[in-house]
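Have a look at the structure below before the remarks.
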Amino acid sequence: MKVIAKDVNSGKKIEAHISDENYEALQSLAQDKISDTKLQSFLENLEMSADAKALIASILKTAIKVGNFVIRVGKRIVEIIIMIATKFPKASFGLLLGLLIGALVASIPLLGFILGPFVTPIAAVFGLAKGYFEDLQDQALERKIDEVVKRKIDEAVEMFQPLNGEINVAS
């Protein structure tokens with residue numbers, strides 16, 4: 001099967017051949033997970049500059065034509081980023097903070113040239129790991145709270161079970 005990818009900015013086309021098995025796997029990617037209006041409203045509500053939003057909008061336009069259908073690769077990438085950022089907010093923040101610290105170290109004259117390539121990935125991984133573990137703790141706490149609330153509701157229902165059907169409210 002022939003696959004054609006087109007660069008949005010330059011219009012340059014790239015062709016490749018894939019197997020039928022991979023073609024069937026790619027068909028599932030052609031289906032939208034999030035509607036365009038939901039994605040657009042989410043992006044409009046982000047607190048970022050208009051330039052950054054324009055960059056994301058250009059990423060959203062990236063697509064690949066596979067046989068008879070089009071896979072919106074840019075949209076898939078943005079969907080994955082949004083899913084990760086909403087599911088693991090502290091890990092996302094930790095990664096960004098680690099990258100920022102690495103960039104600051106790399107910007108130090110002379111010393112940054114030597115330390116930057118080592119500090120940046122270490123700080124990024126540390127920030128990601130620290131944030132991920134905090135996200136896991138938050139999820140565990142949320143599960144425990146849900147269990148306690150469910151248990152208390154079950155206890156309350158059990159406590160009033162003998163009255164089931166015994167009380168009639170007159171209107």
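For the stretch 37-171, a crude dipole built from +1 on the beta carbon of Lys and Arg and -1 on the beta carbon of Asp and Glu, taken about the Cα centre, is about 780 debye to the nearest 20.
For the stretch 1-84, a crude dipole built from +1 on the beta carbon of Lys and Arg and -1 on the beta carbon of Asp and Glu, taken about the Cα centre, is about 240 debye to the nearest 20.
Spin-label model, ASP36 to LYS13: label points 7 Å out along the Cα-to-beta-carbon direction sit 2.2 nm apart. Under the convention that each Lys and Arg Cβ holds +1 and each Asp and Glu Cβ holds -1, the size of the dipole of the stretch 88-160 around its Cα centre is about 300 debye. Along the stretch 55-62 the Karplus relation, 6.51 cos²θ - 1.76 cosθ + 1.60 evaluated at θ = phi - 60°, assigns HN-Hα couplings of 5, 5, 4, 5, 5, 4, 7, 5 Hz to successive residues, with x for each Gly and Pro.
Of the trypsin sites (Lys or Arg not before Pro) found in the stretch 57-116, those in coil by DSSP whose Cβ has at most 13 other Cβ atoms within 10 Å are LYS61.
Pairs spanning more than 22 Å between alpha-carbon atoms, out of LYS53/LYS75; LYS87/LYS130; LYS12/LYS53: LYS12/LYS53. Counting only alpha carbon atoms, the long axis of helix 89-106 and the longest principal axis of the chain meet at about 30°. For the stretch 1-84, the calculated P(r) over all alpha carbon pairs, in 10 Å bins from 0 to the bin holding the longest distance, is 16, 45, 29, 10, 1 percent.
Taking the centroid of alpha carbons for each part, the stretch 80-136 and the stretch 1-72 are 27 Å apart. Beta-bridge orientation, the chain: approximately 100 percent antiparallel, per DSSP, counting only bridges with both partners inside.
Considering only SER107, ALA123, GLN137, the residue lying farthest towards the positive end of the dipole of the stretch 88-160 is SER107, judged by Cα position with unit charges set on Cβ.
So if we plug the beta-carbon distance of SER28 and VAL149 into 1/(1 + (r/R0)^6) with R0 = 30 Å, what FRET efficiency do we get, rounded to 0.05? Approximately 0.20, to the nearest 0.05. Across q = 0.18 Å⁻¹, the chain modelled as identical point scatterers on its alpha-carbon atoms has Debye log10 I(q)/I(0) values of -1.18, in the order of the q list. Taking a point 7 Å out from the Cα of ALA129 in the direction of its Cβ, the residues of the stretch 71-115 whose backbone N falls within less than 15 Å of it are 91, 94-95, 98-99. Summing +1 for each Lys or Arg and -1 for each Asp or Glu, what net charge is found among the other residues whose Cβ lies under 14 Å from the Cβ of ALA140? That works out to -3. Averaged over residues, the count of other Cβ atoms within 10 Å places the peptides 12-20, 121-129 in the sequence 121-129, 12-20, highest first.
Each reported figure results from applying straightforward, stated rules to the coordinates on display, with no laboratory input. Every value quoted in this text rests on a predicted model; they were computed, and no experiment measured them. Note that we place each Cβ from the backbone using ideal geometry, even for glycine, and neighbour counts take in every protein chain shown.
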